[in-house]
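Worksheet for the structure shown next.
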Amino acid sequence: MKSLDWGKIEQATGESVRQVVTIKVGVPADKAREINKLIKEKAPKGVGGQTQGDQLRVTAKKRDDLQETMAMLRGANLDLPLQFINFRD
């Protein structure tokens, strides 16, 4: 539900209403800066983040550090749907 941006409810014909819903794709630049700042402050040492277009790339040498960072980001109230991809085993 966090990936949907609900518009105003407008009156349509008869007793029906209309509402525009847009789907959020990618990470906005201001949210990416906020996430990078959060990673630098609270993530384990050696974890880094960089913005690549509308995505944020987080790297670390240890898998446990990445998993800890993912848990920290899930717990943060970012008002943004998070999806973690390309996590190698």
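Couple of notes before you dig in:
- Enumeration of residues in the stretch 26-49 that are under 18 Å from Ser3 (Cβ atoms), touching a strand residue (DSSP E or B) at 6+ places or on another chain (Cβ under 9 Å) and touching a residue at least 24 places away in the same chain (Cβ under 8 Å): Gly26, Val27, Lys31, Ala32, Ile35
- The residue that is surrounded by the most Cβ atoms within 10 Å (Cβ to Cβ), among those in the stretch 17-38 that are in a helix (DSSP H, G or I) and touching a Gly at 6+ places or on another chain (Cβ under 7 Å), is Ile35.
- Selection count where residues are of a type outside the set (Val, Ile, Thr), in a loop (DSSP other than H, G, I, E, B) and in contact with a helix residue (DSSP H, G or I) (Cβ under 8 Å, 6 or more places away or on another chain), scope the stretch 46-88: 8
- The C-beta contact set for the stretch 74-89 (first residue under 20 Å from Ala29 (Cβ atoms) and surrounded by 10 or more Cβ atoms within 10 Å (Cβ to Cβ), second residue of a type outside the set (A, V, I, L, M, F, W, C) and modelled with pLDDT under 80, distance under 8 angstrom, 6+ apart or interchain) comprises Leu80/Lys2; Leu80/Lys24; Pro81/Lys2; Pro81/Ser3; Pro81/Lys24.
- Subset of the stretch 1-25 that is basic (Lys, Arg) and in contact (Cβ under 8 Å) with a residue 24 or more places away in the chain - its residue that is farthest from Leu78 (Cα to Cα): Lys24
- The set of residues in the stretch 50-80 that are within 20 Å of Ser3 (Cα to Cα) and among the hydrophobic types (A, V, I, L, M, F, W, C) comprises Leu56, Met70, Ala71, Met72, Leu73, Ala76, Leu78, Leu80.
- Flag if Ala60 is touching a Leu at 6+ places or on another chain (Cβ under 7 Å) and not hydroxyl-bearing (Ser, Thr, Tyr): yes
The values are calculated or read from the model by the stated rules, or taken from the named source; none is laboratory data. Computed from a predicted model, the values in this text were never measured in an experiment. Because the Cβ atoms are built from the backbone with ideal geometry, glycine has one as well, and the counts that use them run over all protein chains shown.
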